[in-house]
Structure formats: structure tokens, C-alpha cells
Amino acid sequence: MKKVVLAYSGGLDTSIIIPWLKENYGYEVIAMAADLGQGEELAPLEEKATKSGASKLYIEDLKEEFVTDFIYPTLKAGAVYEGKYLLGTSFARPLIARRLVEIAEKEGAVAIAHGATGKGNDQVRFELSVKALNPELEIIAPWRLWDIKSREEAIEYAEARGISVPVSKERPYSMDRNLWHLSHEGADLEDPWNEPKRDLYLLGVAPEDAPDTPTYLELDFEQGIPVTLNGEQLSPVALLEALNELGGKNGVGIVDMVENRLVGMKSRGVYETPGGTILYQAHQALEQIALDRVTYHYKEQLALRYAELVYDGVWYSPLREALDAFVDVTQRNVTGTVRVKLYKGSCTPVGVKSPYSMYNEEFATFGRDGVYNQKDAEGFINLFGLPLKVRALMEKKSGLR
């Protein structure tokens, strides 16, 4: 019997894919669940996968690898998709795909299956990663093949086979959770006029329900990577978990956006990224004093392209590796401490210091100084503005003005 390795979450889609694969392909189904920090969601998977028909379940602890190899490079790049989305689902998929390929090779499987829909971005992210890592593996995407057309029909399919799923017709949200974020899509959120319900949030509280007093914290970075929180050195996973708790309590990191999917349509999603929001804000504040103007501005342009690469699922590409090399050079002096204020949904850096700071109070002061000759500015302005002056003279001479 041929084998297929399924990216398994225990949710609605992947739960019904197991019997569907057996019924339609006759393959032995091996399930793989990636532990990226979903917490209690993983506890019942062993029993669920077996009852659904899987011959084996791998539960792979990838949390540390997720943070160090995927989150940190994206954080250092400052990559944000369309100004809001911190890419929590996007950079999880290439890691999951890599482990799927490794297990498929270990088990001698001929195929990999996933539960991404034909309307979404995840199908691209999974499949591009598999093609980059092992192009000989067959890829099975049931949502592009079967007759099930809606989540309601999927629930009915599961119920007919005695499969318990964590989604009901009353709350049919599509959610993706990991250490970095929690995403919500579907149901009443499909109408962008509808405000998210107050009980939607699971990682924290709505900003209006946050404490009336602010929370302050300090983060230390070394070469662009966070290493301590409030003076305590923590592992990458523990540090992010602590920031998620602090940010969640203060309603930080909630993003409601209509984004442009790679496949051509717009979609509305609500994202909770409390710890990630704190890290991005603090990292940017440190870069603002550690990087020179030209490098900082060029890196801002690069960040847009980096975000598109991650969002589009092209993680395993020469361009992304080349951009990482550039980013790593820019991070050599991004070392220092940032003090952050959390208050009712806002995350504001209120203090920053670095041994490599390029901010020099002697030059910037509005008071008396002995290092800057203000008369030098006149020559600079004359030369910098010379093209504008020449153009104006030409237009006046030719009668254009």
C-alpha cells in the first residue's frame, strides 16, 4: 500500500481528509502535526487521528526552530505585508512543509497532502515548499478535487463518519494558531462592515477591556535578536510566550484588515499578534538609532519585497537567502535596550539606548553647541537645490512659466 503524509491539525478540514484519502486513493495515511505553540489543541490529536483512520501520527515539536529560523529572520528584515500583517501563518507553512518532506522520505511515502483550500494562500505556500525540497513527491489537495463545497458540507461529511470536529455551524471560523499569532476568518467576518465580536479574541482582550494603567517593559537585543525581557535572559520560545501574555492582557496586537491574497481575491481577516507586535515596535525603535539614513531607507524598501516573498510562499528561494545576507549585515549594530509602554491596545517605545547609537545629542541639540556650524547648511542647500533652480530658470527663459 502506498503512503501519503498529511499535514494534520485536527481541525475540520484535515480530520475529514484522512477518510477521504483512504476512500479515494487507497493510500495508507500518516498524519503529521507540527507543534508551533498551539498549546492544548495538540492534546487530543493522537486519539482523533487514529479514530479518523490514520495509521500513525507524528507530533513534531518545532517551536524553537520556528522562532529562530523563521520568525527572527522576518523580524530582522522588518517585513510586514500591506502595512499590517505580521505574517504569522505565512512563515509557518514552509517549516511545516519541510518536516512533511523529511517524514515522507523517512517513511517512503509517495505523496504529501494538505487541507488548504483552492481559494487561499496556504496551498501555494505548502506546494512551493515541497517542490523546492523534493519535486518528486506527489501533492494531493482535496479541496481542489472533492465535491465538498462549503464548511457546512464538510461538517456534515465528518458527522456522517463519526468524526468529532472543533467547529460547529454556529461558530464556523477558520482559525490558525501558533506561537506568533492567531488568525480568524470566515462567518460574520466575511462582511467587512461587521465589527469583530468581543468574544472572538482568544490570546488577549479587546483594547477597551484592558487595564486602566499602562504596563512598562524592557527588551534587550543583540544584533537584532531579542535576548532578555526585563533583565531576565529567556529562551526564544519563553520570551515570546511572556510577551504574548503581557501584550494580550493590554489588548495589544489586534489587526483587522482586508488583504490582497496571492490568488487574486481580497479576504478579510482578524489577527491577534501581541508578542510579535511588541517585538516589531521595539526592534524598529532600536534600528532608528543604530542605522544610518541611507541604509535604513533602503532596508525599508527591501522589507516590502521580503514580506511579499514570505506571504507568497517563496521562502526556499535564492532571493530570500540573498536578502537575509543583506539584513544580517545591517543588524551588526542593532544591539541595545528598548523600553516599551503597553496601554489599551497601543504599543509605544518610550525609551531606547544602544552602545552603537548614531544619535548624538551634541549635534541634535536646540541649545548652544560647539560641533555644528549652521552656516555650512547654506552651501548644502544651494548644491542640493541646484537642479530645481536650473529647471526654474529654463522654464522662465522658455516662457513655460
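Among residues of segment 197-226 that are more than 12 Å from Ala282 (Cβ to Cβ), those with a beta-carbon under 8 Å from a residue that is part of a loop (DSSP other than H, G, I, E, B) and aromatic (Phe, Trp, Tyr) at least six positions away or on a different chain give the pairs Leu200/Tyr173. Return yes or no: is Leu319 without any contact (Cβ under 8 Å) to a residue 24 or more places away in the chain and under 19 Å from Tyr81 (Cβ atoms)? Answer is yes for this residue. Look at segment 127-149: where a residue is among the hydroxyl-bearing types (Ser, Thr, Tyr) and a partner is assigned to a loop (DSSP other than H, G, I, E, B), sitting 6+ places away or on another chain with Cβ atoms under 8 Å, you get Ser129/Gly313; Ser129/Trp315; Ser129/Tyr316.
Which residues, taken from segment 13-41, are within 27 Å of Ile71 (Cα to Cα), open to solvent by less than 20 Å² (accessible area, probe 1.4 Å) and not in a loop (DSSP other than H, G, I, E, B)? Hits for segment 13-41 are Thr14, Ala31, Met32, Ala33, Ala34.
For segment 231-252, a tally of residues being in contact with a Phe, Trp or Tyr (Cβ under 9 Å, 6 or more places away or on another chain), more than 16 Å from Gly37 (Cα to Cα) and open to solvent by 10 Å² or more (accessible area, probe 1.4 Å) returns 0. The sole residue among Gln331, Gln288, Gln301 that is open to solvent by 100 Å² or more (accessible area, probe 1.4 Å) and touching a helix residue (DSSP H, G or I) at 6+ places or on another chain (Cβ under 9 Å) is Gln288.
The number of residues in segment 1-42 that are more than 19 Å from Ala97 (Cα to Cα) and either under 24 Å from the mean Cα position of the chain (by Cα) or of a type in the set (Val, Ile, Thr) (or both) comes to 5.
Applying the criterion of at least 1 residues that are among the β-branched types (Val, Ile, Thr) and open to solvent by 100 Å² or more (accessible area, probe 1.4 Å) to the helices (runs of 4 or more DSSP H) found wholly in segment 355-401 leaves 376-384. The helices (runs of 4 or more DSSP H) found wholly in segment 221-338 and carrying at least 1 residues that are modelled with pLDDT of 95 or more and under 16 Å from Gly88 (Cβ atoms) occupy 236-249, 274-290, 293-311.
Examine segment 191-199 for a residue that is modelled with pLDDT of 95 or more, within 29 Å of Leu42 (Cα to Cα) and either open to solvent by 30 Å² or more (accessible area, probe 1.4 Å) or not in a loop (DSSP other than H, G, I, E, B) (or both), and state whether such a residue exists. For segment 191-199, residues modelled with pLDDT of 95 or more, within 29 Å of Leu42 (Cα to Cα) and either open to solvent by 30 Å² or more (accessible area, probe 1.4 Å) or not in a loop (DSSP other than H, G, I, E, B) (or both): absent. Tell me yes or no: at least one residue of segment 359-374 is without any contact (Cβ under 8 Å) to a residue 24 or more places away in the chain and under 20 Å from Thr74 (Cβ atoms). No, segment 359-374 contains no residue that is without any contact (Cβ under 8 Å) to a residue 24 or more places away in the chain and under 20 Å from Thr74 (Cβ atoms).
The values are calculated or read from the model by the stated rules, or taken from the named source; none is laboratory data. Fair warning: this is a prediction, and the values are worked out from it, not measured in the lab. FYI the Cβ positions are ideal-geometry reconstructions off the backbone, even for glycines, and counts take in every protein chain you see. To get the accessible areas, we keep the full protein, side chains included, count just its heavy atoms, and leave off ligands, DNA and RNA. Shrake-Rupley method; radii C 1.70, N 1.55, O 1.52, S 1.80 Å.
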